[in-house]
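Q: Please find one structure pasted underneath; my questions will follow.
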Amino acid sequence: MSEISRLKAQITTRFSLGGFQIRSEASTFLAQQLHPLDETERKKWITNVANHVQGQCLSLPVVEKQHIELAIKEANNTGLDDSETIFRVISAFDVPSFVYCEEKKKFLLDTSKKSLLAVPDAKSNYIRERYWLLWQKTCRHESFSQRMAPGTDETGKKSRLILRKVENILSTSKMNDVVLLGLLTQLMEGHYYLEDPTGSVPIDISQASFSSGLVCEGSFLLAYGKYRDGILKIDEIGFPFPEPAANSRAFYGSVNSWGGPSKTLLKYSRNLGELEKANPEHSIVFLSDCWLDNPLVMEKLNQLLRGYDDFPPVAIVLMGPFAKTNENVYSLKSLFQKLGDMLSECEKLKTQTDLVIVPSIDDPAAANILPRPPIPDALTMELKKRFPRTILTTNPCRLQYCTQQIVVCRADLVTKLCRNTIHFPKEGLLETHFARTIINQSTLAPLTPIAFPTHWSYDAALSLYPLPDLIVIGDPCQGFHTTEHDCTVMNVGSFPKSKFAFKVYYPSTKIVEDSQIPDEE
C-alpha cells in the first residue's frame, strides 16, 4: 500500500468516527497536503481538519473537497478553537429565545418547544416578552434608575422620574407627571390606548410633541403626561431609550445569545478578533431584488461575479425576490441553474466565497409571514451542484463573521413603517428615523401583526437586542446606511431599480461602501 493510500485510509476512518462520509477526491487532496509531515503532525492535522469540518454544520454528512479546503484554511491561518468559525449563517429557527425573569432580574433561556402552529397563548406571550425586554432596559436608564454610589448625597439633585404601570394610574382619579411604557393599540376604532400587562388606558395625543422616529400602532411608546377623568393626556411621546450592546450583553454574560453551535458568545473571541483586524480587505457583498428572469439583471450579475473573482469576498448575499413575475414557480429551477453556471466559471469564488440565498415573502413555497423558510431544495439543487458553497437560509437570518454580528431581513420594512405611522416627523432624514425606530424598539417588526405578520413562537428571530453590529434591510426604496449607537443600519435598495447598485460591508473597519455595476461603453 502506498503512503498516500495509507493516509487516505486513516482520513476515511477518522471522518467515519464523526459520522461523515468523505469523497475520494477530498481524502486524496487532504492526504497530499499531509504527506510531507511526520506521523505525529499528520494525526494532529487530521483531527484538526475533521473538527473544523464538523463546525461547518453541513446539510448532508458528505464531505467534499471544498469543505476540506475551507477547514485547512481556517485551521492553518487562525488557530481557532473547535467552536470558532470565520463565517456562519444562522437560521431564524435556530436563534435562541430568552425570557426576562422580573423576580431574578435576568434573562433565562427559553427551553419550551417551538412550533409554526403555535398555541393561542403564544401571541400574547411574545408581545408580553417584548414589553419586559423594553421595561428592564428602560428601568436601568439614568432617568429612572434609583441606584446611587455608597456615601453619595441625593440632596440638591434632580429627582428621578418614576416609571408607572397602567394599574397604578387606574387606581387613582388623577395623577401628574405620569411616565408610562405601553403598547400603542386601537381597542376602539379611532381611539388610541396604551397597554401593558396590567391593563390599558385611553390616551389623548392631540397636544403631544413627538420625538424622532416612526410611531406606528403596535410599537411600544414612552409617554409623559397627566391622568385626568379616565384619560391620559400626553404632553411628550417617544420611544424607549436605546441601550449600548455592551451594556445589554452584561446581563447575558458569556452565554451564546446570538445563535450557532458555540456555547459561548463568539463576540468575545480573542482569536476571531485578531483575525478580523488582520484582514481589513475582507468584505461581504449584499444585493436585493435579484430577478433571475430578467436578462439585464443576469448580465449585470455576471459582471459582478466575474469582477469579484479576482478579489473574492467572504460572502455574497443575494436577497429575493428571485423572479419579477411568479407565474410559473418551477421556472426558478432553470434560473438558479443559470446562476450556478455563471458561478462555476469563477474559480476563486468557488474556493473562497460563500453564496447566501435569502428569500423574500414573494418567493415561492411559503406564506406571507416571517420568519419564512429557505427556498426549497427542489428549485435550487442544480445551483448547489454547480456551486457547492451555496447556503440556503431563512428570512430573516443572522450572519457571524469573526466577532461581527449581522442581521439580514428581506422585507419592505421601511415602506411599511412609513405607510403605517400615525405621525411622520417633519424634520430629519428618513434613514435616521427608521434606524432609531427599530433600534429603540429592539425588533425588526414594531408593527401590528396585521401589518407585519410574524410567527408568534419565533419572535426571537426578529429581535435586535442586544444590538448587532449591522442590520441589513432589503427594501425597494432608495438605499441608505446610517449608524446609531454603534449599530449600522443599511438598506440595500433594489438592484435593478437603482441602476444596479449594491452595498459592500468591510467588517474590520465597519465601513459600508456604495457600489454600482457600470454601464458598458
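Q: Give me the percent of the accessible area of region 293-381 that comes from carbon and sulfur atoms, probe 1.4 Å, all protein chains in place.
A: After summing per-atom areas, the C and S share lands at 53 percent.
Q: Consider just the alpha-carbon atoms of region 378-521 and return their Rg together with their Dmax, both in angstrom.
A: Final numbers for Rg and Dmax: 16.4, 52 Å.
Q: Just the number, please: Stokes-Einstein D of region 419-489 in µm²/s, Kirkwood Rh from C-alpha pairs, 37 °C, 0.692 mPa s.
A: My calculation gives 247 µm²/s for D.
Q: May I pose another question? Compare the peptides 308-317, 229-238 by average per-residue count of other Cβ atoms within 10 angstrom and give them in order, highest first. Don't jump to the answer; show the numbers that get you there.
A: Working: 308-317: 19.1, 229-238: 16.5.
Final packing ranking: 308-317, 229-238.
Q: Averaging over every viewing direction, what projected area does the convex hull of the Cα atoms of region 1-121 cover, in nm²?
A: Taking the Cα atoms of region 1-121, their convex hull projects to 11.0 nm² on average.
Q: Right, another one. Once both labels are modelled 7 Å past Cα along the beta-carbon direction, what's the V329-M175 spacing in nm?
A: 5.2 nm
Q: Return a whole-number percent for the relative contact order of the chain, with Cα pairs under 8 Å and 6 or more residues apart as the contact set.
A: On the way: 993 pairs, mean separation 81.2, N = 521.
Normalised by residue count, the contact order of the chain is 16 percent.
Q: Per 0.36 nm of contour for each residue apart, how much would the distance between S200 and L116 grow if the chain were fully extended, relative to their Cα-Cα spacing? Intermediate values should be presented prior to the final figure.
A: Values: separation 84, 0.36 × 84 = 30.24 nm, distance 2.90 nm.
My answer for the length gained is 27.3 nm.
Q: Indicate the gyration tensor shape class of region 470-521 (rounded, prolate or oblate), computed on the Cα atoms with a ≥ b ≥ c the square roots of the eigenvalues: a/c under 1.5 is rounded; otherwise a/b larger than b/c is prolate and the rest oblate. Display every interim value, and only then the final one.
A: Numbers: a/c = 3.39, a/b = 1.63, b/c = 2.07.
Oblate shape, in that a/c is at least 1.5 and b/c is the bigger or equal ratio.
Q: If you rank T432, T394 by how much accessible surface each has, with a 1.4 Å probe, what is the order from largest down?
A: Working: T432 30, T394 0 Å².
Accessible-area ranking of T432, T394, largest first: T432, T394.
Q: How many nm is it between the label spots at H141 and V255, if each spot is 7 Å from the Cα in line with the beta carbon?
A: The modelled label-to-label distance comes out at 2.6 nm.
Q: Right, here's the next one. Distance between Cα centroids, region 441-458 to region 111-144: provide it in whole Å.
A: 12 Å
Q: What base-10 log of the normalised intensity I(q)/I(0) is obtained for the chain from the Debye formula, alpha carbons as equal point scatterers, at q = 0.09 Å⁻¹?
A: Treating every Cα as an identical point scatterer, log10 I(q)/I(0) equals -0.71.
Q: Antiparallel versus total DSSP beta bridges in the chain: what percent is that, nearest 5? Don't skip to the answer; put the middle values down first.
A: Working: 56 of 85 bridges.
Antiparallel bridges make up about 65 percent of those DSSP assigns within the chain.
Q: Grab the beta carbon distance between A365 and R228, set R0 = 41 Å, and tell me the FRET efficiency rounded to 0.05. Walk me through the intermediate numbers first.
A: Details: r = 54 Å, r/R0 = 1.31.
The pair A365/R228 has a calculated efficiency of 0.15.
Q: Convex hull over the Cα atoms of region 261-351, averaged projected area in nm²? Let's see the in-between values first.
A: Details: hull surface 31.8 nm².
Mean shadow area of the hull around the Cα atoms is 7.9 nm².
Q: Pull up the cross-link candidates among the lysines for K123, meaning alpha carbon to alpha carbon under 22 Å and not fewer than 8 places away within one chain.
A: Here the lysines satisfying the reach criterion relative to K123 are K113, K114, K165, K416.
Q: Karplus couplings for region 29-46 from phi (6.51 cos²θ - 1.76 cosθ + 1.60, θ = phi - 60°), rounded to Hz, Gly and Pro as x?
A: These are the phi-based 3J(HN,Hα) values: 4, 5, 4, 5, 5, 8, 4, x, 7, 7, 4, 5, 5, 4, 4, 4, 6, 4 Hz.
Q: While we're looking at this one, here's another question. Keeping all protein chains in the complex and leaving out DNA, RNA and ligands, what accessible area do you get for H423 with a 1.4 Å probe, in Å² to the nearest 10?
A: Approximately 60 Å² for this residue.
Q: Something else: Over region 283-437, one equal point on each Cα, no solvent: what is log10 I(q)/I(0) by the Debye formula at q = 0.09, 0.10 Å⁻¹?
A: Scattering profile of region 283-437, log10 relative to I(0): -0.32, -0.40.
Q: Given Cβ point charges of +1 (Lys, Arg) and -1 (Asp, Glu) and nothing else, what value in debye, to the nearest 20, does the dipole of region 352-450 about its Cα centre take? Could the numbers behind the result be given before it?
A: Numbers: 11 positive and 8 negative charges, 20 e Å.
With Lys and Arg at +1 and Asp and Glu at -1, about 100 debye.
Q: Here's a follow-up. Please give every one of the aspartates and glutamates within straight-line cross-link reach of K8, meaning a C-alpha to C-alpha distance under 13 Å, and leave out same-chain neighbours fewer than 8 residues apart.
A: Leaving aside aspartates and glutamates fewer than 8 places away in the same chain, those within reach of K8 are E25.
Q: Using a cut-off of 19 Å between alpha-carbon atoms, which aspartates and glutamates can reach K497, once sequence neighbours fewer than 8 places away in the same chain are excluded?
A: Counting by Cα, and skipping residues close in sequence, K497 has these aspartates and glutamates nearby: D289, D293, E299, D362, D363, D412, E431, D475, E513, D514, D519, E520.
Q: So how many Å³ per residue does the convex hull of the Cα atoms of region 164-287 work out to?
A: Working: hull volume 24.4 nm³, N = 124.
That works out to 197 Å³ per residue.
Q: Just list whichever of K263/K350; K324/K510; K300/K350 have alpha carbons separated by over 28 Å in the model shown. Mind dumping the intermediate values first?
A: Values: K263/K350 30 Å; K324/K510 32 Å; K300/K350 19 Å.
Exceeds cut-off: K263/K350; K324/K510.
Q: Per residue and in Å³, how big is the convex hull formed by the alpha-carbon atoms of region 10-53? Display every interim value, and only then the final one.
A: Numbers: hull volume 2.7 nm³, N = 44.
Measuring per residue, one finds 61 Å³ for the Cα hull of region 10-53.
Q: Taking the convex hull of the Cα atoms, report for region 328-370 its projected area averaged over all directions, in nm². Write out the running numbers ahead of the final one.
A: On the way: hull surface 15.2 nm².
With the hull built on Cα positions only, its mean projection is 3.8 nm².
Q: What accessible area, in Å² to the nearest ten, does a 1.4 Å probe give for E243?
A: 20 Å²
Q: Give the percent of DSSP beta bridges with both residues in region 223-373 that are antiparallel, rounded to the nearest 5.
A: Working: 7 of 16 bridges.
Around 45 percent antiparallel, to the nearest 5.
Q: Can you give the helix-only mean residue ellipticity at 222 nm for the chain, where every DSSP H stretch with n ≥ 4 adds -39500 (n - 2.57) and the sum goes over all residues, rounded to the nearest 500 deg cm²/dmol? The partial results should precede the final answer.
A: On the way: 14 runs with 159 residues, N = 521.
Result for the chain, helices only: -9500 deg cm²/dmol.
The values are calculated or read from the model by the stated rules, or taken from the named source; none is laboratory data. Since this is a predicted model, take the numbers as computed values, not measurements. Note: ideal-geometry Cβ built from the backbone for every residue, glycine included; neighbour counts use all protein chains shown. Just so you know, the surface numbers come from the protein's heavy atoms only, side chains and all, with ligands and any DNA or RNA stripped out. Shrake-Rupley method; radii C 1.70, N 1.55, O 1.52, S 1.80 Å.
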